Amino acid sequence: MHRGRRTPAQPTMAAALGGLRGLLAAAGRAAGPTRPWGLPVPLGPRLLQQSCHRPAGPQPSPEPGSRGLPEGVEYIPTRKKAKNPMKPVGVAWYCLYARTRLGYLLYRWQVKAAREQYPHGHSAPQPCCFPGVKILPIPVLSDNYSYLVIDTDSGQAAVIDPSDPLAVQAAIEEEGVMLEAILCTHKHWDHSGGNSAVRQQHGFCRVYGSALDAIPELTNPLADREKVSVGCLTFEALATPGHTVGHMVYVLDGEPFGCPPCLFSGDLLFLAGCGRLFEGSPETMLASLDVAVGLGEDTLLWPGHEYALECLDFATRLERDNPALEQKLRWVTRQRQENRSTCPSTLGEEQTYNPFLRTHRPELQAALGLQRGRGEHPDAFRARVLKELRRHKDLYKAT
C-alpha cells in the first residue's frame, strides 16, 4: 500500500475518508486489531463480483524463527504510533486497512476510479521476450503493476499480484494462455485484491504466498527459498519481511531461456526506491534488501509500482553529483512523458543510484549527516542510515 501521485479522483477520496476519521479514534479503544468493525457493504452492482476472503478469526502473531522467515531475521511487529512511519495516518488506520473490511472497500474504490481515469492503463506495457518465455507487465490501479509470465512453448502462465482481475483476464485472453498459478507478494489489497475473482475464472489456478500474511485464497503456502514450477518456468520464493511480515519476492530462473534472472519484487524494491517499513524494523528491511542484492547485478528488476520518477527526484536531493543518477532521471523523464513503463531495470544499475541500496556509501551517509559510531557494527550503522533515509522519504512523499 503506497500513496501515488495525486489524481483528479483523489480529492473525492479524501472527502469520503473524512467521514471515517471517527473510526480512528474508536480504533484506539478497540480490544484489538482483529475486532470486527461491521462495516456495511455498499449497495448497487458489485464491482468485482467477488467477496473479501481473509482467514476467519484472530490471527496469531508470528514468533521469531517462524516458518517462512529467512534464518537470522527477526519479526518486529508494527511499532507504536509515535515511531510508526505512517505518522500522517497513524497505526490505527494501517490496522483498519490491513486487517478489516475497510481496506477491501477502499481497494474496490481504487479499482473503479483507476478504470475510469486510465481505461487503457496508467502506462503503455512493454513486453519482454526471450526464447521460450514472455514477461508482460500489466498496468493496474493508478500506479501498480501485475505481471503475466508465459512459458511460450506450453502456453502455461503465472501471474504476479493480479490487482485488477479484469485487466489480468484481458491479458490472459489476448495471449491465449492457460493460467496455472498466482504468485502473491504480500497481503495488501492493491496486490492481493484480485485473487478471488481470478480464481473464479480459473478454477484450477493455485495461489502461492507466505502463510505469515493473510493472503486471500491462499492454497499453497510457501517457505523461504521454496520453488514453484509452471510449465518450464521455475520461480524461487524468497522471504523478504519488512514491508509486511510475510512479504515474499519471486525470482524466475532465466538460465533455461538464456536470459538473466528476473526479480518480481512487489513492494520490497522499486526503481530507485523501496517499500515502507509497516511491519518490520530497519534491520529487518536491510536484511531483505541484501537478499535482493545478492541475486547478482544482471538480475532484471520488475517492481510492483511505477514510482521511478518520484523516487529518482528524491534521490537527486541527496546525491546531486551522481552521474548515473542524473542519466537515469533524464531517461525516466522521457519515458514518463511518453506514458511508457520504466521497468525493468537491473540490480547492477540500482546500486549506482538507488539510495536504499547505497547505505554503505560515504557520500550518502554524509548527505544524511550520519557518522559511524566508535565500535558500531557496519551493518548496525547501515540500518541506522536506512532508518534515517526512510524517514526522509516518508516526509518527502507527504509534501
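Here are some notes:
- If you go through region 142-195 and keep only what is in contact with a strand residue (DSSP E or B) (Cβ under 9 Å, 6 or more places away or on another chain) and of a type in the set (G, A, S), you end up with S146, S154, G155, A157, A158, S163, A167, A170, A171, A181, S192, G194.
- Subset of region 203-219 that is within 21 Å of Q169 (Cβ to Cβ) and out of contact with any Ser or Thr (no Cβ under 7 Å at 6 or more places or on another chain) - its residue that is modelled with the lowest pLDDT: G203
- Reported count of residues in region 276-328, each being small (G, A, S) and more than 17 Å from M248 (Cβ to Cβ), is 5.
- Region 345-373 residues that are of a type in the set (F, W, Y), paired with ones that are buried (at least 16 other Cβ atoms within 10 Å of the Cβ) and in a loop (DSSP other than H, G, I, E, B) (beta carbon under 8 Å, 6 or more apart): Y353/A272; Y353/E319; Y353/N322
- Test: residue in region 347-370 that is exposed (fewer than 13 other Cβ atoms within 10 Å of the Cβ) and assigned to a loop (DSSP other than H, G, I, E, B): yes
- Selected residue (only one of L179, L183 is under 19 Å from the mean Cα position of the chain (by Cα), among the hydrophobic types (A, V, I, L, M, F, W, C) and closer than 16 Å to A157 by Cβ): L183
- Subset of region 335-355 [of a type in the set (D, E, K, R) and under 21 Å from L136 (Cα atoms)]: R336, E338, R340
- Residues being crowded, with 22+ Cβ neighbours inside 10 Å and touching a Leu at 6+ places or on another chain (Cβ under 8 Å) - total across region 209-242: 10
- Residues in region 263-275 include at least one that is at positive phi and among the aliphatic types (A, V, I, L, M).
- Pairing residues of region 208-219 that are free of Cβ contacts under 8 Å to residues at least 24 places away in the same chain with residues that are among the basic types (K, R) and buried (at least 23 other Cβ atoms within 10 Å of the Cβ), at Cβ distances under 9 Å and at least 6 apart in sequence or on separate chains, gives no pairs at all.
- Filter pass, F257 being out of contact with any helix residue (DSSP H, G or I) (no Cβ under 7 Å at 6 or more places or on another chain) and either touching a residue at least 40 places away in the same chain (Cβ under 8 Å) or polar (S, T, N, Q) (or both): yes
- Residue match in region 138-157 (condition: surrounded by fewer than 22 Cβ atoms within 10 Å (Cβ to Cβ) and part of a helix (DSSP H, G or I)): no
- Residues being among the β-branched types (V, I, T) and more than 18 Å from E319 (Cβ to Cβ) - total across region 348-399: 1
- Of everything in region 92-136 that is among the β-branched types (V, I, T) and under 19 Å from the mean Cα position of the chain (by Cα), the residue that is nearest to A308 (Cα to Cα) is I135.
Residues checked against (1) within 19 Å of L148 (Cα to Cα); (2) modelled with pLDDT under 95; (3) among the polar types (S, T, N, Q):
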residue	(1), (2), (3)
A237	yes, no, no
T240	no, no, yes
G246	no, no, no
V249	yes, no, no
L263	yes, no, no
G266	yes, no, no
A272	no, no, no
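- Test: residue in region 386-399 that is touching a residue at least 60 places away in the same chain (Cβ under 8 Å), of a type in the set (V, I, T) and not in a helix (DSSP H, G or I): no
- Among the residues of region 199-254, those identified as among the β-branched types (V, I, T) and not in a strand (DSSP E or B) are I215, T219, T240, T244, V245.
- For region 212-224, the criterion of being charged (D, E, K, R) and either farther than 26 Å from S154 by Cβ or out of contact with any Cys (no Cβ under 9 Å at 6 or more places or on another chain) (or both) is met by at least one residue.
- Pair list, Cβ < 7 Å and 6+ apart or interchain, from region 315-333 residues that are farther than 23 Å from L370 by Cα to residues that are modelled with pLDDT of 95 or more and surrounded by fewer than 13 Cβ atoms within 10 Å (Cβ to Cβ): none
The values are calculated or read from the model by the stated rules, or taken from the named source; none is laboratory data. On a predicted model such as this, the values are computed, not experimentally measured, just so you know. Virtual Cβ from ideal backbone geometry, glycine too; neighbours counted across all protein chains shown.
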